[in-house]
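Asker: Dropping the structure in here first, questions after.
The values are calculated or read from the model by the stated rules, or taken from the named source; none is laboratory data. All values reported here derive from a predicted model rather than from experimental measurement. Quick reminder, even Gly has a Cβ in these numbers, built from the backbone with ideal geometry, and neighbours come from all protein chains shown. Surface areas here come from the heavy atoms of the whole protein model, side chains and all, with no ligands, DNA or RNA. Shrake-Rupley method; radii C 1.70, N 1.55, O 1.52, S 1.80 Å.
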Amino acid sequence: MEAADRESVGVIDLAATGDDVAFARIVADHHEDMRRVSAVVCGDDAVAEEAVQAAWPIAWRKLGSLRDSARIRPWLVSIAVNEAKQLMRKRRRRAEIEVVADPSDEPGGVDPATGIDAIDLDRALDRLDPDDRALLAMRYVAGFDASELSVAIGLSPSGTRTRLERLLKRLREELE
């Protein structure tokens with residue numbers, strides 16, 4: 001075990017026994033990943049932040065039940081994703097997409113059509129199940145590898161890769 005891994009395990013063990021400083025370090029290390037993935041899941045930064053804030057007390061309470069300290073990142077992100085999905089179920093609101101055109105009349109200004117692909121992608125993502133959005137966000141926003149994804153979603157690494165490949169194929173077909 002590398003020194004950084006031993007240090008991380010020590011911090012987790014301290015936090016699990018109630019050490020506020022150790023838990024604050026865990027928050028500092030993982031809050032942004034949790035927020036970014038939650039933002040993709042729910043499509044709203046404010047709701048994502050609310051989900052992450054709701055996830056931290058749960059993580060604090062359940063930290064002692066974490067079996068493998070090396071898996072803390074996918075475990076924490078999973079908690080935040082679950083909270084984001086719960087908030088979405090409660091709110092059931094749709095996000096508006098705004099296209100900002102370049103007001104300049106100069107040649108070579110920003111073409112409003114350049115945002116169309118992003119809008120198409122946003123709409124395709126909105127149509128996905130929150131679990132599928134969470135999988136994509138964990139992979140491409142938080143950079144989870146197959147083993148971290150498998151912990152987060154409860155499938156084997158090969159099953160996770162297969163699910164991700166099928167999801168990407170479906171997205172590509174929808175966008176064509």
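Asker: Spot the failing condition for SER158; the list is (1) under 20 Å from the mean Cα position of the chain (by Cα); (2) at pLDDT 85 or above, and only one is missed.
Answerer: (1)
Asker: Quick one: TRP56 ticks every box in (1) open to solvent by less than 40 Å² (accessible area, probe 1.4 Å); (2) modelled with pLDDT under 95 except a single one, so which number is it?
Answerer: Unmet condition: (2).
Asker: Suppose we filter MET88, MET34 for residues that are within 18 Å of MET138 (Cβ to Cβ), in contact with a helix residue (DSSP H, G or I) (Cβ under 7 Å, 6 or more places away or on another chain) and open to solvent by less than 30 Å² (accessible area, probe 1.4 Å); which single one remains?
Answerer: Sole residue among the options that is within 18 Å of MET138 (Cβ to Cβ), in contact with a helix residue (DSSP H, G or I) (Cβ under 7 Å, 6 or more places away or on another chain) and open to solvent by less than 30 Å² (accessible area, probe 1.4 Å): MET34.
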